[in-house]
Amino acid sequence: MITETARLPADERRALTIESVVALAAERNPSEITTTAIAAHMNLTQGALFRHFPTKDAIWEAVIGWVSERLLSRTDRAAQAAASPLAALEAVFMAHIDFVARHPGVPRMMFGELQRAEPTPAKRMAQGLMRRYGERLRVLIEQGQSQGEIEAQVDAVPAAALFIGMVQGLVMQAMLGGKLEGVRNCAPGAFAIYRRGIASASSASCAAAVPHDAAAGSRRDPPDAGKRAR
């Protein structure tokens, strides 16, 4: 029997494959996801699946590419909408946290790829994503220093690494607790601690005069359910 999925155009079927892997990764260890499971989730045969991806590694590479495109575009939009570099760092942090809360399979995939011993294409893409993300943070931190928002003696590179580590730590703790969506609850307080560590004295005094909830607001992007990767 020909399924609805089988009738989809090739690009849409590839996008659906990526979304299926992300969904499956939210439920099980990504290393245990087989092409049989992916095909079953899509109501396809393995043969139909391999018409679009020659190997399982090619599927994983496409998934990490999807993560990279979606995460960077979302955090870039958040930063561009902010009024200052320090506000942009907070917006990026909240957008990142919201992204992983919406897609709980993503951190599992990223952690899994980065821990692999062999240099697979997907691992190289994951490493590239981390480098580009860190570079964006470094630029924002240096902009904040040039505008007097961030202390001049702050080293931008380890400060960016600490930012990333803070996201990873919150996500890991939420995963251990079995409720990744709860990561949103800890994010504002965690960033407030980070902000106090890097902000200049004048910036910190201004922040103290404004209630955190009013300053931060709600930065969640609209759901992207139903969107297809390009």
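Laboratory data are not the source of any read-out in this text; all were calculated from the coordinates shown. The structure displayed is predicted, hence computed values, not measured ones. All Cβ positions, even for glycine, are placed from backbone atoms using ideal geometry, and neighbour counts span all protein chains on display.
Under the criterion of Cα pairs below 8 Å and six or more residues apart, the relative contact order for segment 55-216 equals 27 percent.
Considering only Val100, Ala87, Pro54, and ranking their Cα positions along the charge dipole of segment 1-121 that arises from unit charges at the beta-carbon of Lys, Arg, Asp and Glu, the one farthest toward the positive end is Pro54.
Summing charges over all other residues whose Cβ lies under 12 Å from the Cβ of Ala160, with Lys and Arg as +1 and Asp and Glu as -1, gives +1.
Rg and Dmax of segment 55-216, both derived from C-alpha coordinates alone, stand at 16.3, 56 Å. Projecting the Cα atoms of Ile193, Ala152, Gly182 onto the dipole axis of segment 55-216, where Lys and Arg carry +1 and Asp and Glu carry -1 at the beta carbon, places Gly182 farthest toward the positive end.
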